[in-house]
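The structure appears right after this line, and notes come after that.
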Amino acid sequence: MDGMAAINCRSARRFRPAAAATPMVFALLSLAVRPLAAQDSSADVIRGRVTDDSSRAIVATIMVTRGPDRLTQQATTDSSGNFRVRFDQGTGDYLVYVSAPGFSSARRRVQRQTDEHELVANFTLARAPVATLDTIKITGKKPTSRRPAPPRNGGTESTDRSRRLSQAISMRSPARCRISR
């Protein structure tokens with residue numbers, strides 16, 4: 001049995017450096033994981049629900065602008081009126097703007113309180129006032145034929161030209177053209 005004990009001691013000596021390295025590996029892994037966890041914990045999620053005056057869900061467009069750098073993200077509500085926007089590097093200061101056809105738009109500043117990373121912004125939109133236009137009356141008139149302006153030199157030149165033209169036409173096709181005065 002002493003031989004076996006010697007073998008076990010020898011094998012234990014071989015594995016001792018590996019056993020000593022195990023805590024060091026865990027320490028290195030925990031240091032590597034901390035920055036990843038810190039990045040994830042600094043992400044902010046802005047969520048909420050958009051409804052009308054009677055608490056019915058509205059399909060709306062959401063624009064969220066992050067505070068200091070004005071980075072903007074856009075989202076659309078689902079059929080239940082819910083929305084969710086995520087900023088990987090959250091600052092805790094956001095401006096949320098909501099618009100929907102047929103409703104008045106709204107905006108609200110949302111700021112992080114203490115250590116929260118999920119911010120809630122619910123909106124109730126009022127129906128947009130219906131604009132009425134004044135009555136407009138449109139009238140039209142049949143265009144009148146315009147007569148050519150009389151010639152400036154008393155009309156003799158124009159009359160001579162038309163007379164010569166009518167004679168030329170009547171000579172070429174007497175059966176087809178007749179000019180009456």
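The values are calculated or read from the model by the stated rules, or taken from the named source; none is laboratory data. If you're wondering where the values come from, they're calculated on a predicted model, not measured in any experiment. Glycine also receives a Cβ, built like all others from the backbone with ideal geometry; neighbour counts cover every protein chain displayed.
So here's what we get for this one:
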read-out	value
Segment 123-170 - residue that is out of contact with any helix residue (DSSP H, G or I) (no Cβ under 9 Å at 6 or more places or on another chain), loosely packed, with under 10 Cβ neighbours inside 10 Å and at pLDDT below 65 and, of those, farthest from G102 (Cα to Cα)	T156
Conditions (1) surrounded by fewer than 10 Cβ atoms within 10 Å (Cβ to Cβ); (2) at pLDDT below 70; number of the one not met by I179	(1)
Those residues of segment 54-86 which are in contact (Cβ under 8 Å) with a residue 60 or more places away in the chain and in contact with a Gly (Cβ under 6 Å, 6 or more places away or on another chain), in sequence order	I58
Of all residues making up segment 47-78, the number that are in a loop (DSSP other than H, G, I, E, B) and more than 12 Å from A106 (Cβ to Cβ)	12
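For (1) surrounded by 10 or more Cβ atoms within 10 Å (Cβ to Cβ); (2) touching a Phe, Trp or Tyr at 6+ places or on another chain (Cβ under 9 Å); (3) modelled with pLDDT under 95, each residue gets a yes or a no:
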residue: A32; (1), (2), (3): no, no, yes
residue: P35; (1), (2), (3): no, no, yes
residue: G67; (1), (2), (3): yes, yes, yes
residue: T77; (1), (2), (3): yes, yes, no
residue: Q89; (1), (2), (3): yes, no, yes
residue: V110; (1), (2), (3): yes, yes, yes
